[in-house]
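The values are calculated or read from the model by the stated rules, or taken from the named source; none is laboratory data. For clarity, every value in this text was computed on a predicted model and none was experimentally measured. Cβ atoms come from the backbone with ideal geometry, glycine included; neighbour counts cover every protein chain shown.
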């Protein structure tokens, strides 16, 4: 009888711990913590600013979903790349789980805006262009 109560207590603590971890992963404070770690690493390694609102764990298909990801990279003095991704999901298939190697079977991006500012090149107008402009105006 005592064995069943000890086993039940251990299982209860295990399930409660898993539930607490899942709830914590869905909070904004965990998203802020992950954002800080990822931002610091990306800023040091690639001079890129990244922020993530929160993180969800998907069961079917199994994977991780990053919500409201913002990405900013200064490529050159007049060149910048800004992207805001509504949802960025990394999913693995069940076959890949059995092979004991971590590869992403699918990457989904939804509700996205990408803004790329590129340097303007000075173009000289040719004689044909001037004639066309004079005809129009």
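Structural remarks
- Criterion applied to 49, 26 was being more than 19 Å from residue 90 (Cβ to Cβ) and touching a strand residue (DSSP E or B) at 6+ places or on another chain (Cβ under 7 Å), and the one residue passing it is 49.
- Residues that are out of contact with any strand residue (DSSP E or B) (no Cβ under 7 Å at 6 or more places or on another chain), within 20 Å of residue 80 (Cβ to Cβ) and free of Cβ contacts under 8 Å to residues at least 12 places away in the same chain, drawn from segment 31-46: 44, 45
- Neighbours by Cβ (under 6 Å, 6+ apart or cross-chain): first from segment 57-72, closer than 17 Å to residue 83 by Cα; second loosely packed, with under 14 Cβ neighbours inside 10 Å and at pLDDT below 85: 65/58
- Residue, modelled with the highest pLDDT, within segment 68-102, restricted to residues that are within 25 Å of residue 54 (Cβ to Cβ) and part of a loop (DSSP other than H, G, I, E, B): 92
- Residue 57 falls short of the stated requirement of being farther than 20 Å from residue 109 by Cα and either exposed (fewer than 14 other Cβ atoms within 10 Å of the Cβ) or modelled with pLDDT under 80 (or both).
- Of the residues examined, residue 52 is not one that is at pLDDT below 85, closer than 26 Å to residue 18 by Cα and surrounded by fewer than 13 Cβ atoms within 10 Å (Cβ to Cβ).
- Among the residues of segment 45-63, some residue qualifies, meaning at least one is assigned to a helix (DSSP H, G or I) and out of contact with any helix residue (DSSP H, G or I) (no Cβ under 6 Å at 6 or more places or on another chain).
- You will find that of 115, 111, 129, the residue that is at pLDDT below 75 and either in contact with a strand residue (DSSP E or B) (Cβ under 8 Å, 6 or more places away or on another chain) or surrounded by 10 or more Cβ atoms within 10 Å (Cβ to Cβ) (or both) is 129 and no other.
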